[in-house]
Amino acid sequence: MSFRSEKFLKFKGTSVPDQINQIKSYSEEELNDLFLEILNNGVHGFCFSLYEEGQKPGDVISEAQIRRRLEILKPYCGWIRSFSCIEGNEHIPRIAKELGMKTLVGAWLGDDPDKNREELSGLYKLAKDGMVDIAAVGNEVLYRNDLTEDELIEYIEEAKSNLQGIPVGYVDAYYEFVERPRLAEISDVILCNCYPYWEGTPFDYSFDHMRHMYQLGINAANGKPVIITETGWPSQGEGLGGADPSHINAMKYFINTHLWAVKNNIETFYFSSFDEAWKVDSEGDVGAYWGIWDSKGKLKFGK
């Protein structure tokens, strides 16, 4: 699963729940050491954070900026997930491939048919050029109510006919695949987001909740592969329900997720690579602090 082999010598022979129970008693210094061990050993993938300070969706981002950020990520993961195929996003899979990484490439769909056509055309071109390992047609479109289920399925069917030989799926919260079985039927791969934080889960129960979300995705998939396309925990900001953002909780969530993912060969794209300030507008102050690196590219944990 991961582009590097399992390490974590201190946990050999123990179950993941036992590992997590051990971690509860770790000092901050021990957590920092374990975080760095996991990161340096390599994780499956990161969601690529495109925007730096003062930038937002709709801004055209330079190839140089994307290259700078991808070069930071390259030593630590084998896959990169992108969210769009226009406005500079089309450089992400090209540069990732140049750096030897694999790509989950997303076409961002919304309620503007012309924009959707532009996104899909960009996806098809990237695929023709050999830049797409997995294609994601839409991201949380149903959650935002931008398209109906029928409209979305038409786009997915079109993409599958244009991307033969490339697995095609749709990204949304795990429960959408449970509630809408046609999504699983049309998809080659189930791409599900699993966020205990956004369901207000207290941190002590977050790992069990995330595993339950994943299992529901497995059940809905009916034997098709399931990839966790987003999961993570914010390092600061206002909490939600019983879920508290904090530096320690964010670091523990990363550790717990990847101990489990590596041990069980579960493909996971961690959200996110870098902090992005623009998310404050839609998510509140917590939206700016989901990165493993800060907005300037400095590693936030393991110090």
query: What tally of residues in the range 155-176 results from selecting those that are outside any loop (DSSP other than H, G, I, E, B) and either aliphatic (A, V, I, L, M) or under 21 Å from ASN219 (Cα atoms) (or both)?
result: 11
- prompt: Among helices (runs of 4 or more DSSP H) lying entirely in the range 1-115, which contain 2 or more residues that are at pLDDT below 95?
  reply: 16-23, 28-41
message: For the range 117-152: of the residues being in contact with a strand residue (DSSP E or B) (Cβ under 8 Å, 6 or more places away or on another chain), of a type outside the set (A, V, I, L, M, F, W, C) and not in a loop (DSSP other than H, G, I, E, B), which is surrounded by the fewest Cβ atoms within 10 Å (Cβ to Cβ)?
response: TYR143
statement: Here the qualifying pairs (Cβ atoms under 6 Å; residues six or more apart or on different chains; first in the range 168-183 and on the phi > 0 side of the Ramachandran plot; second part of a helix (DSSP H, G or I)) come out as none
field: Members of the range 263-278 that are surrounded by fewer than 21 Cβ atoms within 10 Å (Cβ to Cβ), closer than 19 Å to THR231 by Cβ and either under 18 Å from the mean Cα position of the chain (by Cα) or modelled with pLDDT of 95 or more (or both)
entry: ASN264, ASN265, ILE266, GLU267
query: Can you name the number of the only condition in (1) under 22 Å from the mean Cα position of the chain (by Cα); (2) in contact (Cβ under 8 Å) with a residue 24 or more places away in the chain that ASN145 fails?
result: (2)
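Are any of the residues in the range 107-121 aromatic (Phe, Trp, Tyr), touching a residue at least 12 places away in the same chain (Cβ under 8 Å), in contact with a helix residue (DSSP H, G or I) (Cβ under 6 Å, 6 or more places away or on another chain) and farther than 30 Å from GLY42 by Cβ?
Going residue by residue through the range 107-121, those that are aromatic (Phe, Trp, Tyr) are 108.
Then keep just the ones that are touching a residue at least 12 places away in the same chain (Cβ under 8 Å); that gives 108.
If we keep only those that are in contact with a helix residue (DSSP H, G or I) (Cβ under 6 Å, 6 or more places away or on another chain) as well, we get 108.
Of the ones still in play, those that are also farther than 30 Å from GLY42 by Cβ are none.
No, the range 107-121 contains no residue that is aromatic (Phe, Trp, Tyr), touching a residue at least 12 places away in the same chain (Cβ under 8 Å), in contact with a helix residue (DSSP H, G or I) (Cβ under 6 Å, 6 or more places away or on another chain) and farther than 30 Å from GLY42 by Cβ.
With the condition kept exactly as written, say whether any residue in the range 223-239 is among the β-branched types (Val, Ile, Thr) and either surrounded by fewer than 16 Cβ atoms within 10 Å (Cβ to Cβ) or outside any strand (DSSP E or B) (or both).
Within the range 223-239, the first condition is being among the β-branched types (Val, Ile, Thr), and the residues that meet it are 226-229, 231.
Within this subset, residues satisfying the condition of being either surrounded by fewer than 16 Cβ atoms within 10 Å (Cβ to Cβ) or outside any strand (DSSP E or B) (or both) are none.
So far as the range 223-239 goes, no, none of its residues is among the β-branched types (Val, Ile, Thr) and either surrounded by fewer than 16 Cβ atoms within 10 Å (Cβ to Cβ) or outside any strand (DSSP E or B) (or both).
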- request: Could you tell me whether any residue of the range 245-255 is in contact with a Phe, Trp or Tyr (Cβ under 9 Å, 6 or more places away or on another chain), surrounded by 22 or more Cβ atoms within 10 Å (Cβ to Cβ), assigned to a loop (DSSP other than H, G, I, E, B) and modelled with pLDDT of 95 or more?
  value: no
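The values are calculated or read from the model by the stated rules, or taken from the named source; none is laboratory data. Computed from a prediction, not measured in an experiment: that's the story for all the values here. Here Cβ is always computed from backbone atoms with ideal geometry, including for glycine, and neighbour counts include all displayed protein chains.
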